[in-house]
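Beneath this line is the structure, given in structure tokens, with notes to follow.
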Amino acid sequence: MECEVSWDPHYFMESNLESKEKRTGKRKKIAVSETAASSFLDGLGLSSPHQTESESAASSDQYRETLPNHDELTSLKNQVDLHAETAWLQEDEHSARHLFENSVSFLSSLIFHLILLILAVLWTFVLPPGPGIGPQISMEFTTSPEEENWDEILLDEMEAAIQTEAAEETEKSETEENPEEMTDVLPEKEMIEPEEEQDSETEDELNENPENPANEALNAFDWANVSPVKPEEGKENRSEERQPETLQSGSGKDLNQRIMPARSLPTGGGLGPRTDLEARAKMLAEAGGNAQSEMAVERGLAWIARHQQFDTNKKYFGSWSFDLSRYGISNSGEATSRTAATALALLALMGHGNTREQGEYQKAVQDGVYFLSTQAKSRKTQPGYDFRDSPDSRGMYGHILATLALCEAYSLETQKDSNLHQLALGGLQWILYAQDPNGGGWRYQPHEAGDVSVTTWVVMLLKSAQMAGFEIPSATIVRLDQFLDSISSDEKSKYAYQPGKPSIPSTTAMGLAARVFTGTPRNAKLLEKGTRHIANWGCHESDLYYDYYAALLLRHYGGPLWTTWNEEMRDYLILTQESSGKEAGSWFFTEQEKTNNQIGGRLYTTSLAVMILEVYYRYLPIYQEKSTTGL
């Protein structure tokens, strides 16, 4: 049986229509009528099972006559293909337009948010802090957790042992001491009463006794009104500031049992004319400096300024470090206290008239003071602000030097900054609290038995605080006198590191300088004899710690001893300053044994050398008929 298959155009069009409906997501059923079904079967040459053979043949012949010819079918097929292609192109164009519109919105949003992010980063890290004198000092101090309190590093048993030992040594030294030795410093009527006369009194009785000299001295001090020389300056919005506790000096029962009548620091020896070029040049010439020494100072300051941390994105922005190995500098230090390094560098810069308001290195001073302000810590059990950045010995040096630098910075400014005043006052309060209540000195931890090195730096701090307008409690100075007496020998013309140890030139220079800045008269026998010791020892070729205090002592004492010593020291420093390479402008002296030079490194020795050559105008002479504080 022959089977003839024909192409049905109606079915093709319906099938294309169905395909289009599926592409657009709109599915519809296409109903096929019974007639169309029969036509479809006939088109295939098949007959329906219900039709007879004759009916099927007749129907097939009739349907063939109605079919279009081949050309008509080709034309119709081309029209259908064109219609379908047009529909597909329209659909693709719509999809492309939709995708383009979404892409433009996405890119616009992305660019907008990137711009916002860049602006936020610039605002936080790059943009300058605005008008004023450098980065603003922050007064939001941190309160260290008690478990991190460095004062607890000394356990209770250790601290009790130290205090007991110090008390026994002090009692022994006082028993053996001849009271007549103190008459060249204080009148005989101001001697400490023997302790045997007080043994019958309890601590509470001593505190309640209004006739007790200790209570008279304490009551005479105006604790509540500690302020600058000019109270109207630097006190804007003081009601809104965080007020440290009132000034205190040490602690313990020894406060009332050992105090002497009122003592104060001398009014002479204020800040010299550092910021006045003409007056500074005059003092330089009169005191023994010259053009070569000033050029050495300027080269040294340039070297110091080059090694400050300038990157505002770094944690220690504005600071200095004793370790300069990252700069490729030889003889870097081992000490880790950035606070001590920064303060020492600032003291050298400010000694030449650089302040937060003026000077070639004004910006360096601004950033350095800002860094020190970030190191202040407030402790619940201690007064004032603690600037220590490590629990070892360098931490205490860091606090002392930082407070000294802040007091000088405040004194040098014409427009007083109340925040800077608050920082300096807080540092002073903490160091007064840290004094050993028994021996009268200072060391690495609060209330620890003192040594002459730490104590002499505290003396310089107290003098600087006085120049900043702060009052120093009489009890503090009285205990300080006791400590200096306990380490003295040879009619108080020589001094040891601690009681019971031998005296050496460096500790003698420190002790004598402390005597000068605490008000010992120039004609006192101990100064006359002590200065001759220093003059006979001369300058040291590597121990700048000794040279610095010897320079301070002899500069204020004056006379032929100073003239001879100064010429030797000045010319030696001018000749030994580095003149080439990365170290140009700096100093370093190698010693056989590991000493302060190796610990502090080139930054330490350069800062001290600069301050020695600034001694001509750094302070006004203490021993002169008329002296001002420079404020």
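Read the figures in this text as sums done on the coordinates, not as results from a lab. All values derive from a computational prediction rather than experimental measurement. Because the Cβ atoms are built from the backbone with ideal geometry, glycine has one as well, and the counts that use them run over all protein chains shown.
A compact table of results
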item	result
Coordinate range along principal axes, alpha carbons of region 578-617, Å, largest first	33, 24, 13
Counted charge near P505, where neighbours are those whose Cβ lies closer than 11 Å (Asp, Glu -1; Lys, Arg +1)	-1
Segments 347-360, 427-440, 283-296, 447-460 sorted - mean Cβ within 10 Å per residue, highest first	427-440, 447-460, 347-360, 283-296
For region 476-490, Karplus couplings with θ = phi - 60° (6.51, -1.76, 1.60), whole Hz, Gly/Pro x	4, 5, 5, 5, 4, 4, 5, 5, 4, 5, 6, 10, 8, 8, 6
Total formal charge among the other residues, if their Cβ is under 11 angstrom from that of Y397, Lys/Arg +1 and Asp/Glu -1	+1
Potential lengthening between R306 and L107 on full extension [0.36 nm per residue; Cα-Cα distance subtracted]	67.1 nm
Built amide H within the under 5 Å cut-off of K494, gap 5+	S489
Within-12-Å neighbourhood charge of G558 [Cβ basis; K, R +1; D, E -1]	+1
Potential extension, N523-F317 segment - 0.36 nm per residue separation minus Cα distance	69.4 nm
Shape category assigned to region 328-434 from the gyration tensor of Cα positions, a/c cut at 1.5	oblate
Placed amide H near G359: partners under 5 Å, 5+ positions off or other chain	none
Rounded if a/c under 1.5, otherwise prolate or oblate - region 494-551, Cα gyration tensor axes	oblate
Amide H partners (placed H, <5 Å) of H447, local residues excluded	Q435, D436
Region 600-606 - phi-based ³J(HN,Hα) in whole Hz, Karplus 6.51/-1.76/1.60, Gly and Pro as x	x, x, 5, 5, 5, 5, 5
Entries of K416/K463; K315/K377; K501/K529; K363/K416; K282/K416; K314/K363 with Cα pairs more than 22 Å apart	K282/K416
Note, ³J(HN,Hα) from phi for region 285-292, Karplus 6.51, -1.76, 1.60, rounded to Hz, x at Gly and Pro	5, 5, 8, x, x, 8, 5, 5
Segments 396-405, 558-567 sorted - mean Cβ within 10 Å per residue, highest first	396-405, 558-567
